[in-house]
Every structure is written in C-alpha cells, then in structure tokens.
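Enquirer: Before we start, here is the structure in question, set down as structure tokens.
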Amino acid sequence: MPEEAVARLWGVTHRYGPVVALEEVDLEVRRGEVLAVLGPNGAGKTTAINLLLGSAAVQTGEATVFGQRPGAPGVRARRGAMLQISGVPNTLTVGEHIDLFRAYYPAPAPASRLLAMAGLEGLERRRFGKLSGGQKQRVMFALALCGDPQLVFLDEPTAGLDVEARRGLWEEIRALSESGRTTVLTTHYLEEADALADRIVLLHRGRVIAEGSPATIKSHTAARLVRCVTGVHRDRVASLPGVVRSEARGRYLEILTSRPEDLVRALLDLDPDLHDLTVVGAGLEEAFLALTRAPDASEPVS
Amino acid sequence: MTTATLARRGRIYVLEARYQFLMVLREPAFAIPTLLFPLMFYLFFGVVMGGRGFSAAAPTYMLATYSVFGVMGPSLFGFGAGLAMERDSGVLLLKRTTPMPAAAYLLAKVGMAFAFGAAVVLGIFLTGAHGAGVVLYRWQWFALSGVVLAGVIPFCALGLAVGAWSKSRAAVAITNLVFLPMAMLSGLWIPITMFPAALQDFANVLPAYHHAQLALKVIAMDGGQATALHVAVLAVQSIAFLIVAAVGFRRAESGAVSIRPGGMS
C-alpha cells in the first residue's frame, strides 16, 4: 500500500472573517492514490484545495506539497489543477488554450496526448465559447494535465454535468490514476467518490468527520435511522441487528442501523407496545447528520 | 539560468502576449469601440467641425489630444475591465496555480494596450496628415507618437487599480465613468482653454490632462506649465494607482471578499 505523503495539511484552521471554513484539519495525500474529499456545499473542500495549491495563504497550521511550500515554483511545475471556475476565454480555441498552458511548464505533455486523454480529438480548432458544458470541463481537465503532473487536483470536476458527461469524465480520471499519478478530487456525490477513489475523507462544516475506504464510508452512509417510543433499554439495543449507535431523544429512542428491517422485527419482538415508529432513509445528507451529531450526546455502542 | 530555461521563459511571454492580442482582436465589443471611436471622433470634431468652426489650428491640436484619448481606451478597458473579468471568471486563479510568471500576464496586457494604442495613433496621424492637412516636422511626428504611447503606463496603472477593486460586471461601467468624464475634463475633446477657470484648475488633478499637455508640448500648443511638473504628477499618480491596485488584490486574496462566483466552500 502506498504510504508516502505527497501532500498534507496539518492542524489547519482557516477563517473567512467570522466564518470558520476549516477547523483543525489533518489531511494526507499518499503517493499514487486517488483521494476523494467528500462533503456537502460549504464543507470546506475548496478551501482545502486552495491551501494545497497555495492559492490561499495558510492562517493556522501547516500545508506542504512534495515536502515544500504549496506555492513553490518547483511544486507548481509538478502538479496540475482543475478549479471550479466558469472557464477560460471564449474567443480562443481548444488548441490555443492547450498551447499556452503547455508553454508554462518545463516538461509539458505532448498536445496530441492531452487531446486524447481528455477526449477532445477533433475539437482543437473549436473556440472554447462554442463547446458544450461537458466539453468545456474536458478542456479544463486537459489544462490541468498540460505539465505532465505527478499530482493532480480536481475541484468538483463533474459539477453541473449531466449523467452521461459525468461518466465520460470518470473514465478519463480513472485512466489518470492508472497512469500512476496521484489525484485529489473533491465532490459532493458519494457515488462519484465511490466510483473513483481509493480513499475518502469526509468533510463536514470544516472538520474531517470520517476517513477510510469507499466501503467503510458507505457502510456509514447506507445506515437508516429508526425512531420509536419503546420500553427497550438503550443498552439492550446495542446487540440488535446492524446497530451503529443509538441515542435517547426526549421520549424517543433513535437508532442508526445498517439492517433496518431486521432491527424493527427484533424490536417488535422485544416490545409489542412499541409505537410512533419511523424509519428515515439516510441519503448522504442524513448520513452526514448522523455522523455529525454531537458525540457526547450519543456514545457509539458498536 | 540556462539558455534553454531563458528560451522557455521567453516563449511564455511571447505566447501570453500573442494570445492576449488574438483574444481581444476576436472580441468585437472591445476591438471596434477602442479602435474606431477615437478615429471617428477625430474625423468629426477635429477635421470636419474643426476645419470650419474653431480655428485653423484645431486639426493639429486635436491630433494630439485625440491620440491621447485613443491610447487611454485600450489601457483602461484592457486592463480595468479585462482583468476584472478574468479574475472573476477564475482564469487568473487557474493561471496562478501554474508556473506562469505573473509578469508575463501583466506584460501581455500592457503589450496589447500598446499595440491597440499604436494602431489608433497611426490611424489618427494618417487622417490628420492626409485628410486635414496637418503639417508637422518629421521629429514632431516621432516625438508625438512616443509621448502619446508612453501614456500606456499611467493609464494601465489606473486600469489595474479599477480592475483590482471592481467586480467584472461593474468594471466596464466603472471604467466608462472614469474614462469619459476624465477625457472631457482633461481637454481631450474640446481645448482646455475654452473651459471656465475653475474647471481648468480642476484638470490639474487628472492624469489625462498632464499627459495631453506633454503631447501638446511637442507641437508647441500646451498651456505653458513645466514639462517636469507633468512628468512628476504622472509618475506619482502611476505609483499611487499601483499601490491602490496591490491593496485591492491583497484584499481579494485574503478572503475578505469572495474571489470566485460560487463563494467559498
């Protein structure tokens, strides 16, 4: 397993005026991996990327890339970035944009390979403004690769794309990691992180709330929240099917479980008087909420 | 630095300037007004009206002032509005993640302003010499073009200051609010001597006034203030604009304001 860190944030706290964008974040990017930074809007994903790109100055903590300051010239030459921006000038062609960005780097990738890697063959002479949304994102992707980088940052690469264009870009990102590059991507789609990443860091309100393989993260987010009024004691619930944790809220007991049907069956067997039963499907948002409840209010029971 | 590295860095400057120029040339909303308006104004006020109304010297006087006007446009709009737009669209942020030297970007924009300014000045000179019978010594033509094109520096600095502080949508409007009143109040359209005394005094705070006076000095039609005064005012104002611009950029980067449309996340 590749362990060497090519980039890291260490104890990073970042504020925009009174708003805390990142709080005590430790994040490590290992050589050769695809790391997905997953979180809802406003979680601090872009701030983390900007710090690793040197586009924003570190306020508290430490940021390094290849063991150096993120904005150092030697770092810039070896990494590429796709940012959440509205695009490059409309009046230049795809080929002209690539020509210009290649010139910035000491050892650029051949233009023909860039066009192939981004699926842009035949579009070199088309002006950026005449491209579809998916094609524009592919150009931004190609520009990120102009320097033949070892480390690539993709900030919400598929934001605003339709399903087909999104899956198309996934193919290109997969090919990128197969070519041995280290990739950091941000997304608010669990599906995307699952499809592409070796490792996921879950960010919520500026904090890392979970970290692990897609399977680990999914086991959290596949959970359902079962809520009911019951005489069954919280301690007894812990041994019931699939229970991740449980919590008393007013007269209700709330139980996070990966096996809601089995849990409800077991609960009803234990307590025929159980009432006011609801089962909340946990999408990513619910999973974030479940994972972010104040830990002192609900000790994990498994 | 090795020769190869130098050659590579040189290529960045050349390509950045070339694409900056192509980009602007393909944008009719920028190219047409900045290239044609000063020429049309000169034709109308300097040649057609000037020949009849004001005086025989009008076409010569306005040759200088409309050339100054022609250089102001691309400097203010290319830098002011152009830069604000590229900052807001995120292109500037993206380029700054690459090894592109910031100087290549800025010099490309100065070069573009210079090239457009030179094209306008050439057009006005040809119109003046062949359409309005303006007669100058050969050294005066050269000196005038040099003085007028040197205006790219203070006007680009002013454009940079406006661009650093305004959002892209507002930048064009704000630039116009700086550009048009300043052109008029500096005596670029109508000779400054026709203004009331208070307005003539006020013109002393405007960079375009001092620049126009330097241009008029070449053809011995200026108001008689010292060359050193005009040069000193322009130098001090250019430095002040650059400081204002630097503060504006620092403010944008510190996160006090959002540096991209989506806000922070």
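Any read-out appearing in this document is the output of simple, stated calculations on the displayed coordinates, not a laboratory observation. Everything quoted here is computed from the prediction, not taken from an experiment. Note that we place each Cβ from the backbone using ideal geometry, even for glycine, and neighbour counts take in every protein chain shown.
Enquirer: So what is the relative contact order of chain B, in percent, for Cα pairs below 8 Å that sit 6 or more residues apart? List each step's numbers first, then the result.
Expert: Details: 325 pairs, mean separation 66.4, N = 265.
Computed value for chain B: 25 percent relative contact order.
Enquirer: Express in % the proportion of alpha carbon pairs of the stretch A:158-287 at distances exceeding 17 Å.
Expert: 65
Enquirer: How large is ³J(HN,Hα) for each residue in the stretch B:178-187, as worked out from phi by the Karplus curve 6.51 cos²θ - 1.76 cosθ + 1.60 (θ = phi - 60°), to whole Hz, x for Gly and Pro?
Expert: 7, 5, 5, x, 5, 4, 5, 6, 8, x
Enquirer: Would you mind giving the mean number of other chain beta-carbons within 10 Å of the Cβ of each residue in A:17-29, as a whole number?
Expert: That works out to 1 on average.
Enquirer: For A:Val184, which sequence-distant residues (separation of 5 or more, or a different chain) have an amide H within less than 5 Å of its own amide H, given hydrogens modelled in the peptide plane?
Expert: Under 5 Å from the amide H of A:Val184 lie the amide H atoms of A:Leu35, A:Val152, A:Phe153, A:Leu154, each far enough along the sequence or on another chain.
Enquirer: Using θ = phi - 60° and the Karplus relation 6.51 cos²θ - 1.76 cosθ + 1.60, list the HN-Hα couplings for the stretch B:107-117 in order, rounded to whole Hz, with x at every Gly or Pro.
Expert: Running phi through 6.51 cos²θ - 1.76 cosθ + 1.60 with θ = phi - 60° gives 5, 4, 5, 5, x, 5, 4, 5, 5, 5, x Hz.
Enquirer: Further question: Averaged across the residues of B:23-30, what count of C-beta atoms belonging to other chains lies within 10 Å of each residue's C-beta? It would help to have the intermediate numbers written out before the result.
Expert: Details: counts 6, 2, 1, 7, 3, 1, 0, 1.
Mean shielding count: 3.
Enquirer: Given B:Ile12, B:Pro154, B:Leu35, which one lies farthest toward the positive end of the charge dipole of chain B, if we put +1 on the Cβ of every Lys and Arg and -1 on the Cβ of every Asp and Glu?
Expert: Result: B:Ile12, furthest along the dipole toward the positive end.
Enquirer: For a quick check: sort B:Thr2, B:Thr97 by the number of other beta carbons within 10 angstrom, fewest at the front.
Expert: Ranking B:Thr2, B:Thr97 by Cβ neighbours within 10 Å, fewest first, gives B:Thr2, B:Thr97.
Enquirer: Also, quick follow-up: Extending each Cα 7 Å along its Cβ direction at B:Phe202 and B:Leu126, get the distance between those two points in nm, one decimal.
Expert: Roughly 3.8 nm, to one decimal.
Enquirer: What is the magnitude of the charge dipole of the protein assembly as shown about its Cα centre, with +1 placed on the Cβ of each Lys and Arg, -1 on the Cβ of each Asp and Glu, and no other charges, expressed in debye to the nearest 20?
Expert: Details: 52 positive and 45 negative charges, 387 e Å.
The calculation lands at about 1860 debye.
Enquirer: Roughly how compact is chain B, stated as its Cα Rg over 2.2 N^0.38 Å to two decimals?
Expert: It is 1.06.
Enquirer: Right, here's the next one. Give the separation of the Cα centroids, the stretch B:85-113 to the stretch A:109-174, in Å.
Expert: With the stretch B:85-113 and the stretch A:109-174 each reduced to a Cα centre, they are spaced 21 Å.
Enquirer: Between A:Glu191 and A:Arg15, what FRET efficiency follows from the Cβ-Cβ distance if R0 is 30 Å, with the result rounded to 0.05?
Expert: Details: r = 32 Å, r/R0 = 1.05.
The formula returns an efficiency of 0.40 here.
Enquirer: Which one, B:Gly224, B:Thr3, B:Gly248, is farthest towards the positive end of the dipole of chain B when Lys and Arg carry +1 and Asp and Glu -1 on their Cβ?
Expert: In chain B, that residue is B:Thr3.
Enquirer: Which one, A:Pro106, A:Ala48, A:Val6, is farthest towards the positive end of the dipole of chain A when Lys and Arg carry +1 and Asp and Glu -1 on their Cβ?
Expert: Value computed over the given set: A:Pro106.
Enquirer: GNM, chain A, Cα, under 10 Å: largest mean-square fluctuation among A:Pro272, A:Pro89, A:Pro40?
Expert: A:Pro272
Enquirer: Taking every residue in A:97-105, how many Cβ atoms of other protein chains lie within 10 Å of its Cβ, on average? Spell out each step's value before the answer.
Expert: Values: counts 2, 0, 3, 9, 5, 1, 13, 13, 5.
That works out to 6 on average.
Enquirer: Go ahead and run the numbers for FRET between B:Leu229 and A:Arg127, Cβ-Cβ distance against an R0 of 41 Å, rounding to 0.05.
Expert: 0.25
Enquirer: Another question, then. Dividing the alpha-carbon radius of gyration of the protein assembly as shown by 2.2 N^0.38 Å (N being the number of residues), what value is obtained?
Expert: 1.27
Enquirer: Next question, about the same structure. What list of ³J(HN,Hα) values in whole Hz, one per residue of the stretch A:73-88 in order, does the Karplus curve 6.51 cos²θ - 1.76 cosθ + 1.60 (θ = phi - 60°) give from phi, with Gly and Pro shown as x?
Expert: Once θ is set to phi - 60°, the couplings for the stretch A:73-88 become x, x, 6, 4, 6, 10, 9, x, 9, 10, 9, 7, 10, 6, x, 9 Hz.
Enquirer: Check which residues have an amide H placed less than 5 Å from A:Leu240's amide H, if you skip close sequence neighbours.
Expert: Residues meeting the amide H criterion: none.
Enquirer: Can you give the Kirkwood hydrodynamic radius of the stretch A:10-105 from its Cα pairs, in Å with one decimal?
Expert: 15.3
Enquirer: When the helix-only estimate is applied to the protein assembly as shown (DSSP H runs of n ≥ 4, each -39,500 (n - 2.57), divided by the residue count), what is the mean residue ellipticity at 222 nm, nearest 500 deg cm²/dmol? Working shown, then result.
Expert: Details: 23 runs with 282 residues, N = 567.
That calculation yields -15500 deg cm²/dmol at 222 nm.
Enquirer: Nearest 20 debye, what's the magnitude of the dipole of chain B about its Cα centre given +1 on Lys and Arg Cβ and -1 on Asp and Glu Cβ?
Expert: For this selection, approximately 740 debye.
Enquirer: Can I ask one more? Size of the dipole of the stretch B:17-167 about the Cα centre, Lys and Arg at +1 and Asp and Glu at -1 on the beta carbon, nothing else charged, in debye to 20?
Expert: Rounded to the nearest 20 debye, it is 180 debye.
Enquirer: Taking amide H atoms as placed 1.01 Å from N in the peptide plane, list the residues 5 or more away in sequence, or in a different chain, whose amide H sits under 5 Å from that of A:Gly71.
Expert: Those lying under 5 Å, H to H, from A:Gly71: there are none.
Enquirer: First measure r as the distance between the Cβ atoms of B:Ala240 and A:Asp276, then evaluate 1/(1 + (r/R0)^6) with R0 = 60 Å and state the FRET efficiency to the nearest 0.05. All intermediate terms of the calculation are to be shown ahead of the outcome.
Expert: On the way: r = 70 Å, r/R0 = 1.17.
So the FRET efficiency works out to roughly 0.30.
Enquirer: In nanometres, what is the gap between the two model label sites at A:Arg69 and A:Thr216, each 7 Å from Cα along Cα-to-Cβ?
Expert: If labels sit at A:Arg69 and A:Thr216, their model points lie 3.4 nm apart.
Enquirer: For the stretch A:49-140, what's the relative contact order in percent, using C-alpha pairs closer than 8 Å and at least 6 residues apart?
Expert: After rounding, I find 26 percent.
Enquirer: Share of Cα-Cα pairs in chain A beyond 27 Å, in percent? Kindly include the intermediate steps, with their values, before the conclusion.
Expert: Values: 22432 of 45451 pairs.
Roughly 49 percent, rounded to a whole number.
Enquirer: Right, another one. Using Cβ contacts closer than 10 Å as the measure, can you line up B:Arg11, A:Arg199 from fewest to most?
Expert: By the 10 Å Cβ count, ascending, the order reads B:Arg11, A:Arg199.
Enquirer: With a ≥ b ≥ c taken as the square roots of the eigenvalues of the C-alpha gyration tensor of the stretch B:113-260, please select rounded if a/c is under 1.5 and otherwise prolate if a/b is larger than b/c or oblate if it is not?
Expert: prolate
Enquirer: With each label point set 7 Å from Cα along the Cα-Cβ vector, what nm distance links B:Phe195 and A:Val229?
Expert: Those two pseudo-labels are separated by 8.2 nm.
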